[in-house]
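Written below as structure tokens is the structure these notes are about.
The values are calculated or read from the model by the stated rules, or taken from the named source; none is laboratory data. Everything numeric here is computed off the predicted structure, so don't read it as measured data. Counting neighbours? That spans all protein chains shown, and the Cβs are built from the backbone with ideal geometry, glycine included. Side chains are part of the model used for accessible areas, which takes the heavy atoms of the whole protein and leaves out ligands, DNA and RNA. Shrake-Rupley method; radii C 1.70, N 1.55, O 1.52, S 1.80 Å.
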Amino acid sequence: MSEYIPSWQIRAQFCKYLSDLYAKEVPLYNKLASMVRQINKEVIVKHPELGLNIRDVDVISAERHGAIRLGKPQELHMMAKVFRVMAMFPVDFYDLTKSGAKRQPVISTSFRPISLNEIEKSSFRMFVSLLQPDDRSFFSAEVGEQIKKNIENRDFFSKKLRELLTEYEAQGGFTQQQVDTFIQEAAKIFTWSQQATNRKLYNHLMDNGLAIAADIACFANPHLNHLTPNSLDISKLYDFMAEEIPENLKDSIEGPPLRKTRILLRQTSYKAVVEEVLFIDESGEKAKAFHKARFGEIEERGMAMTIKGKELYEKALKKYMENGNQDEFAIIPDSYDDLYKEKLGYYMYNAASQAKDNMSCDIDELVASGDVHITPIRYEDFLPVSAAGIFASNLGNYGVEKINQEETVYTKEQLQDIIGSKIHNSFAIYEQQSTQSLINTYKELGIWDK
Ligand code: OOG
Ligand code: NI
């Protein structure tokens, strides 16, 4: 037996460490986390059909994701190595320079577990964005250079962490003692330092709707900007937040509206808290200022959708963004059977009967006859327009509305080169999971070898 700790345990321990750290650093987040647990408890009691146990409320309410923003390619390259230890791999490419009403000068990916087994054990993931200071539709050449210069020499990966990563590569695993040090050292990257640099650049960026660039370029390390516990009923929790913390609440829930069937991802947040920071300039001169970066978010995950399903969602979303009418989403059927029949969502297949003679090998017939059960696969990714909405509201509605100059083209390949490995395609992952369960079901029903 290997003495090494399985990666899912490192991921779960890391998530818990960050959660405790963030709750300590941001009292409002601590309050949010307890509100999440309270509403989840109520849902579990009221809906026994969910098959959830009240004893598991802490696990059910644990964080599903966090987010950080990086300033330069080397930082992303190193971060990817840190995530690899926790079996968190890049999935999907999000270009936020072109998403949503307020554009942001970042491109992003999500580091997450990929296999169902890993996801089940700990689904924690991290949304990671990389600033694009060379994008001339956001920054002049002069400002772009100032940003780059300001972070040129920063290095928030401790010597100990680098050593550990080398050891990990050589050994292929970590002992619990190494895990403890790894988590402590990795968590340092995500802490809040209160110290900022280059007040002139900071003010310039803030004055020009580029709060995100200020948040990235004027601090020594990429503080965790939010964590997101899992909610079983986000609409109910939102109403509760409206009673308890009304002054901080984002004014809407991102994603699909409330429906009978849960699809994709619904999320909302309380807005970033105002925190005092101390600028120390080159001359040594100190000045106090206030910065808004750290917030708390909640999410409720539903079914992963096929390419066809997501296209339908995007079509409805586009219209909704134009006219504000939620009825636009009615083009997406609201029953799991219809979603299945129209091939809009991904499902796992399970044999519900014994192998019989003359069994059909048409999966749709087997589902209709009840010989095979289907269960929706949960969506594990993000939605670019929702992400842009979350960014904007937490940056005090900052963001650039229109790009006047020629648009820069960002590609998944560019981001892959920086990361140093392939960025997975979420559709392919869901497709593979669904197909594998279909094959297993055929085998169980004796159809496979016929
Ligand atoms: C990330 C915003 C995106 C989400 O849940 O869509 C995100 C950020 O603010 O850095 O986390
Ligand atoms: Ni988020």
Margin query: Testing THR97 on (1) within 16 Å of ligand 2 (Cβ to nearest atom); (2) in contact with a strand residue (DSSP E or B) (Cβ under 8 Å, 6 or more places away or on another chain); (3) in a loop (DSSP other than H, G, I, E, B), one condition comes back false. Which one is that?
Written below: (1)
Notebook entry, point to check: If we keep just the residues of the range 301-334 that are out of contact with any helix residue (DSSP H, G or I) (no Cβ under 9 Å at 6 or more places or on another chain) and either of a type in the set (Phe, Trp, Tyr) or under 14 Å from LEU258 (Cα atoms) (or both), which is most open to solvent (accessible area, probe 1.4 Å)?
Noted result: ASP334
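So that you can scan it fast, the table gives a plain yes or no per residue for (1) farther than 21 Å from TYR410 by Cα; (2) not hydroxyl-bearing (Ser, Thr, Tyr):
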site	(1), (2)
VAL91	no, yes
PRO105	no, yes
SER115	yes, no
LYS121	yes, yes
SER129	no, no
ASP135	no, yes
ASN153	yes, yes
LYS160	yes, yes
TYR168	yes, no
Notebook entry, point to check: Which residues, counting only those in the range 120-132, are open to solvent by 10 Å² or more (accessible area, probe 1.4 Å) and either without any contact (Cβ under 8 Å) to a residue 24 or more places away in the chain or within 17 Å of LYS16 (Cβ to Cβ) (or both)?
Noted result: GLU120, LYS121, SER122, SER123
Item checked: Selection count, the range 375-409, where residues are in a loop (DSSP other than H, G, I, E, B) and either modelled with pLDDT of 95 or more or within 16 Å of ligand 2 (Cβ to nearest atom) (or both) -> 8
Note to self: Could you list, ordered by first residue, the pairs with Cβ atoms under 9 Å in which the first is in the range 67-81 and within 16 Å of ligand 2 (Cβ to nearest atom) and the second is of a type in the set (Asp, Glu), at least 6 apart or interchain?
What the structure shows: ALA67/GLU297; ARG69/ASP215
Check: Applying the selection to the range 62-94, what residues are within 16 Å of ligand 1 (Cβ to nearest atom), out of contact with any Lys or Arg (no Cβ under 8 Å at 6 or more places or on another chain) and not in a strand (DSSP E or B)?
Finding: GLU75, LEU76, MET79, PHE83
Note to self: Residues that are among the β-branched types (Val, Ile, Thr) and in contact with a strand residue (DSSP E or B) (Cβ under 6 Å, 6 or more places away or on another chain), at least 3 per element: which strands (runs of 3 or more DSSP E) completely within the range 263-374 meet that?
What the structure shows: 274-280
Checklist line | Top-ranked residue in the range 208-234 [being within 13 Å of ligand 1 (Cβ to nearest atom) and farther than 22 Å from ARG37 by Cβ; ranked as surrounded by the fewest Cβ atoms within 10 Å (Cβ to Cβ)] | finding: HIS223
Next item on the list: Mind listing whichever residues of the range 140-157 are in a loop (DSSP other than H, G, I, E, B) and closer than 23 Å to HIS223 by Cα?
Entry: GLU152, ASN153, ARG154, ASP155, PHE156, PHE157
